[in-house]
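Encoded as structure tokens, the structure appears first; notes follow it.
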Number of protein chains: 4
Amino acid sequence: MASKTPVGFIGLGNMGNPMAKNLMKHGYPLIIYDVFPDACKEFQEAGEQVVSSPADVAEKADRIITMLPTSINAVEAYSGTNGILKKVKKGSLLIDSSTIDPSVSKELAKEVEKMGAVFMDAPVSGGVGAARSGNLTFMVGGVEEEFAAAQELLGCMGSNVVYCGAVGTGQAAKICNNMLLAISMIGTAEAMNLGIRLGLDPKLLAKILNMSSGRCWSSDTYNPVPGVMDGVPSANNYQGGFGTTLMAKDLGLAQDSATSTKSPILLGSLAHQIYRMMCAKGYSKKDFSSVFQFLREEENF
Amino acid sequence: MASKTPVGFIGLGNMGNPMAKNLMKHGYPLIIYDVFPDACKEFQEAGEQVVSSPADVAEKADRIITMLPTSINAVEAYSGTNGILKKVKKGSLLIDSSTIDPSVSKELAKEVEKMGAVFMDAPVSGGVGAARSGNLTFMVGGVEEEFAAAQELLGCMGSNVVYCGAVGTGQAAKICNNMLLAISMIGTAEAMNLGIRLGLDPKLLAKILNMSSGRCWSSDTYNPVPGVMDGVPSANNYQGGFGTTLMAKDLGLAQDSATSTKSPILLGSLAHQIYRMMCAKGYSKKDFSSVFQFLREEENF
Amino acid sequence: MASKTPVGFIGLGNMGNPMAKNLMKHGYPLIIYDVFPDACKEFQEAGEQVVSSPADVAEKADRIITMLPTSINAVEAYSGTNGILKKVKKGSLLIDSSTIDPSVSKELAKEVEKMGAVFMDAPVSGGVGAARSGNLTFMVGGVEEEFAAAQELLGCMGSNVVYCGAVGTGQAAKICNNMLLAISMIGTAEAMNLGIRLGLDPKLLAKILNMSSGRCWSSDTYNPVPGVMDGVPSANNYQGGFGTTLMAKDLGLAQDSATSTKSPILLGSLAHQIYRMMCAKGYSKKDFSSVFQFLREEENF
Amino acid sequence: MASKTPVGFIGLGNMGNPMAKNLMKHGYPLIIYDVFPDACKEFQEAGEQVVSSPADVAEKADRIITMLPTSINAVEAYSGTNGILKKVKKGSLLIDSSTIDPSVSKELAKEVEKMGAVFMDAPVSGGVGAARSGNLTFMVGGVEEEFAAAQELLGCMGSNVVYCGAVGTGQAAKICNNMLLAISMIGTAEAMNLGIRLGLDPKLLAKILNMSSGRCWSSDTYNPVPGVMDGVPSANNYQGGFGTTLMAKDLGLAQDSATSTKSPILLGSLAHQIYRMMCAKGYSKKDFSSVFQFLREEENF
């Protein structure tokens, strides 16, 4: 194991932290950078090498994983004054696991390619829990010949590593999935609320939907109505899970992609606006299934 | 089998015809009525008794099934000049399998109860194929003590007979399911269309959605994109299946129920309007998954 | 003036009360009925005749105005056990100023016609203030030959009496106007909010909209942004004006009419859902322009 | 007049062409550039100076107007390889009349400022007709002290030149106006269509709306229903006017601005999607009031 070459890791936040630890568990020495030095402490104490810029990471590692909150942060990490591209080595493999606009991924890939290196987008699905247990799903876009190399690293952090096609398609797959998720979650919340108001027992209604054509992940695995399922955020006052703010962010990306490709997304667009309003009405830190609570009449009165 | 008492059947249309035949197969003599005499011919030739009004059905049978297209037709069959209520016998069991407004079901139930008889609403899910093969799902609302009696008959026509609660809840369950179905179908169509435009292969995208949180019946069992699945309407130019007009009708019922119970249904309402527009734009007889075709850019040019 | 024949008035609520008083001012003796006897007291003390049912009103007056909150109340007043139709005289003129479903107006008109009397729908636009000052607008549907007779009475209570066509078109005109009003109010609130967040001064933005193609009654006469105009509800914490609940009710009527005529109303339907949600979130008694406050980020936190 | 210093003009398309001509009429010598040399011919023949890049324009003129179709074109004209910024003189006044993302305007302003020059955004409202007759409205964002200088030139091309605030607010004002316009146009189309289906005469309904609270520019100045008004696109099979594609583009900018400022635009977003669909269904070259035709039942069958 000692013979493994080091892997660079940029962005040690809520998600990056446990992901990097899983790489360590698999014996990869790490070269670490985060804009917040505190985020690196834990790794330094564990003996990993902390450097002072993305460029320095690129100098010391030819495989780098980036895990950043927004498109702007990703562009900064790659193309900024002390970005990866300043010192990237030819043949390096750069994997971006941030969830960002697919057109930004494509842009970054072009710049990386000019330097003789390889860029892949590999956003994740699954939250902090899946990051800890190494059960993330990675949706990977990029040159197919490099997929095996990416898989070697991503497989340490996730149980599903799916090849999606050219650069940007990893982001595209994630965005499309999350848009459909948001739509079916709001739809489930509306249908459950309407049914309850029409006199149906929520557990029974869920059971009927789940054996019928209304069945979806939001109804059978993550039901938003308190009392219907155990072990989901709706059973715990919508704590934990996937925050409304994050869903609003992903729907913003879907909206941008739809606008730039001129694709009509009537429900997706409305779902975006609904999560946008929820963020403004005190739901930003609650799980996104709290839309049931938001729609429920007289909830706050 | 010869000892079975006759069952009344009112409404022998596309759905009622095969349903009635399944009752015959199970040995029930039928008392038949339809506003269109031609619809009764086949049954007359098979030796069943055809009468000339719903009232006459009620005179000769104390268990009656009604299967009619709209609330208005149902009200006419029960409360009309020659309706069931004119001659219904005390203790009769009247089962309405029409899909109508739950508030109309409740109204009918009250009138039936005044006559000393029992009313249950039992709308079906599953189309003409399921009606033929006896594999419908019945969602049943009414007094629980009478459910076993209803089940005896409905079990001849369907493989699932679900008790939903008080009168009207059968309709409520169906309406909620179909509203969620419409939402997730349009959502699936939007997500697949956006993904394709972003460069994803449709089959691969469907596979990714189906192993992720975007999974729903519309994505994994009835995918709306031609070429993704076999044996579904999208593989056959959207012929067969569940027509756009019927979906628009059910969404109209959901809308009415939501308005009268003051339940917000943002996506449900927009889904209703989308199917309404499709009906006006030449999609009325196509399967409701043709919303993918409707959304697709430049489809008609 | 003493020679004027009495006019029946049924429904002396917030609107009916000042309307009836304006008839008195014009010298019409009144025959009064309200389900709440307290509502009649004031008129009794003023010397008007109070009776104990709509039927009694019909017995004593051959011109009757009804002003009731919902379709159900109107049906009860006309067709109920002690309804107008029980004792209506041939040739009577019955004017319903309630805002109800146009199809209910048509239904009532048919029943009234069978009794040899005349029914007109004449819903009002303008609130309690306009009712007091006699400045309501009446939108009148019914037989054109009777319009002059209706105008004689309605002209005492309103400054605009508009003939709209056959029975039901008064309601239709009101519903269409209010639907468009709701849409342009929400649109104004969205545009003003977006502009403010993009750095525009609200007063300046309103001025620009009002000299451009975005101009509408909601932007130039009833601007929803506090500080832009004086003398409107937004200048007074959204007190007074036209309540959110009433707008939600009218949009429910628009929704029902659209569903029954199969007319697509995409924005109208969404506007309905937005006002529905506002009612549930504590805005029910505020003026409908408070949608600006509802949309505004972080307003409640 | 001969003493006037030359003005640069970049972008001589449908709008730029007549705008430039109005500057000529007011005696300004022009320095002309367009990526399509043919667009310059007419001006060359009229004796104006044509150069071969935006940089060359900047070398010869210290007041420049740009009128380009998209953000990308504007960025290219300013920051491209041969862009204005390559040769811009200190103290130059650069006025961009393109309709683009306000955040791009701000970005350009920053770069221009670094070169010691001044940038203002001044998008126009009013179409080709207004451009020809010099009756455009300009909404101007930028440093207030420079507004008078901008007004001198813009006043030759428009009858309204409105100062909106800091850089980007010109775009913001235009985007907000057009979003509200799109919403009220669709709302008018929905209300007119519903009213017609409920039995109202279109001209009468328009009259009622226009004297009531539903009044808006789309109902009283640009009514979308054929036969209601003369001299508007709806009277001419929706030819001329403001194309659906252009409206969809502006709504895309509104959407982007709303997403980046996290402003909820529920109706704006749905309006965007509706115009997006219309573009795909054969309406792209029709005036945006053709949404009435799009919504109308059975229009194409």
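The values are calculated or read from the model by the stated rules, or taken from the named source; none is laboratory data. This one's a predicted model, so the numbers in the text were calculated from it and none came from an experiment. Please note: Cβ atoms are built from the backbone with ideal geometry, for glycine as well, and neighbour counts cover all protein chains shown.
Worth pointing out:
Every residue, every condition in (1) over 25 Å from A:Ser260 (Cβ atoms); (2) aromatic (Phe, Trp, Tyr), yes or no:
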residue: B:Leu205; (1), (2): no, no
residue: B:Leu209; (1), (2): no, no
residue: B:Cys216; (1), (2): yes, no
residue: B:Gly241; (1), (2): yes, no
residue: B:Ser260; (1), (2): yes, no
residue: B:Ile274; (1), (2): no, no
residue: B:Met278; (1), (2): yes, no
residue: B:Lys285; (1), (2): yes, no
residue: B:Phe294; (1), (2): no, yes
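- Residue in the range C:180-193 that is assigned by TED's automatic domain parsing to the domain that holds C:Arg132, closer than 30 Å to C:Pro226 by Cβ and either of a type in the set (Ser, Thr, Tyr) or not in a loop (DSSP other than H, G, I, E, B) (or both) present: no
- Index of the failed condition, B:Gly231 passing every other in (1) modelled with pLDDT under 95; (2) within 10 Å of chain A (Cβ to nearest Cβ): (2)
- Qualifying positions in the range C:250-283 - surrounded by fewer than 21 Cβ atoms within 10 Å (Cβ to Cβ) and farther than 20 Å from A:Asn193 by Cα: C:Ser260, C:Thr261, C:Lys262
- Failed condition for B:Arg215, given (1) more than 7 Å from chain A (Cβ to nearest Cβ); (2) among the basic types (Lys, Arg); (3) farther than 30 Å from B:Phe119 by Cβ; (4) in contact with a Leu (Cβ under 9 Å, 6 or more places away or on another chain): (1)
- Selection status of A:Gln293, more than 18 Å from B:Arg197 (Cβ to Cβ) and within 22 Å of the chain's Cα centre (by Cα): no
- Search result, residues across the range B:38-75 that are without any contact (Cβ under 8 Å) to a residue 12 or more places away in the chain and of a type in the set (D, E, K, R): B:Asp38, B:Lys41, B:Glu45
- All told, B:Ser218 meets the bar of being among the hydroxyl-bearing types (Ser, Thr, Tyr) and within 23 Å of A:Met185 (Cα to Cα).
- Whether a residue is crowded, with 20+ Cβ neighbours inside 10 Å, among the hydroxyl-bearing types (Ser, Thr, Tyr) and modelled with pLDDT of 95 or more was assessed, and B:Ser125 does not pass this test.
- Residue-level check: of (1) more than 10 Å from chain D (Cβ to nearest Cβ); (2) within 15 Å of C:Gly127 (Cα to Cα), C:Tyr222 misses just (1).
- Restricting the range C:86-107 to residues that are among the aliphatic types (A, V, I, L, M) and within 18 Å of the chain's Cα centre (by Cα), the residue that is nearest to C:Cys176 (Cα to Cα) is C:Ile100.
- Scanning the range D:37-60 turns up no residue that is among the hydroxyl-bearing types (Ser, Thr, Tyr) and crowded, with 21+ Cβ neighbours inside 10 Å.
- Some residue of the range C:132-143 being closer than 19 Å to C:Leu85 by Cα and under 14 Å from the mean Cα position of the chain (by Cα): no
- Qualifying positions in the range C:1-21 - surrounded by 18 or more Cβ atoms within 10 Å (Cβ to Cβ) and either among the β-branched types (Val, Ile, Thr) or assigned to a helix (DSSP H, G or I) (or both): C:Val7, C:Ile10, C:Gly16, C:Asn17, C:Pro18, C:Met19, C:Ala20, C:Lys21
- Looking only at the range C:125-183, residues that are of a type in the set (Phe, Trp, Tyr) and more than 14 Å from chain D (Cβ to nearest Cβ) come to 0 in all.
- Hits in the range D:151-179 (condition: aliphatic (A, V, I, L, M), in contact (Cβ under 8 Å) with a residue 60 or more places away in the chain and either assigned to a helix (DSSP H, G or I) or in contact with an Asp or Glu (Cβ under 8 Å, 6 or more places away or on another chain) (or both)): D:Leu153, D:Val167, D:Ala172, D:Ile175, D:Met179
- Boolean, C:Gly195 is over 23 Å from C:Ser284 (Cβ atoms), away from chain D (no Cβ under 12 Å) and at pLDDT 95 or above: no
- Some residue of the range B:32-42 being part of a strand (DSSP E or B) and modelled with pLDDT of 95 or more: yes
- Test for C:Gln293: is it within 7 Å of another protein chain (Cβ to nearest Cβ), assigned to a helix (DSSP H, G or I) and either touching a residue at least 60 places away in the same chain (Cβ under 8 Å) or within 20 Å of D:Leu267 (Cβ to Cβ) (or both): no
- Qualifying residue in the range B:78-87 (condition: touching a Leu at 6+ places or on another chain (Cβ under 7 Å) and either crowded, with 18+ Cβ neighbours inside 10 Å or assigned to a strand (DSSP E or B) (or both)): yes
- Residue check, A:Ser125 touching a residue at least 12 places away in the same chain (Cβ under 8 Å) and more than 13 Å from A:Thr66 (Cα to Cα): yes
- Search result, residues across the range D:154-181 that are of a type in the set (Val, Ile, Thr) and surrounded by 24 or more Cβ atoms within 10 Å (Cβ to Cβ): D:Val167, D:Thr169, D:Ile175
- Boolean, A:Val35 is in the same structural domain as A:Glu145 (by TED's automatic domain parsing) and either in contact with a Pro (Cβ under 8 Å, 6 or more places away or on another chain) or closer than 21 Å to A:Ala150 by Cβ (or both): no
- Residues that are within 14 Å of chain D (Cβ to nearest Cβ) and either surrounded by fewer than 21 Cβ atoms within 10 Å (Cβ to Cβ) or at positive phi (or both) within the range C:236-249 comprise C:Gly241, C:Leu246, listed in sequence order.
- Residues that are aliphatic (A, V, I, L, M), farther than 26 Å from B:Pro224 by Cβ, in a helix (DSSP H, G or I) and out of contact with any Cys (no Cβ under 8 Å at 6 or more places or on another chain), drawn from the range A:201-250: A:Ala235, A:Leu246
- Residue in the range C:61-70 that is surrounded by fewer than 22 Cβ atoms within 10 Å (Cβ to Cβ), farther than 18 Å from C:Pro6 by Cβ and among the β-branched types (Val, Ile, Thr) present: yes
- Considering the range A:250-287, the residues that are more than 7 Å from every other protein chain (Cβ to nearest Cβ) and polar (S, T, N, Q) include one that is farthest from the chain's Cα centre (by Cα), namely A:Ser260.
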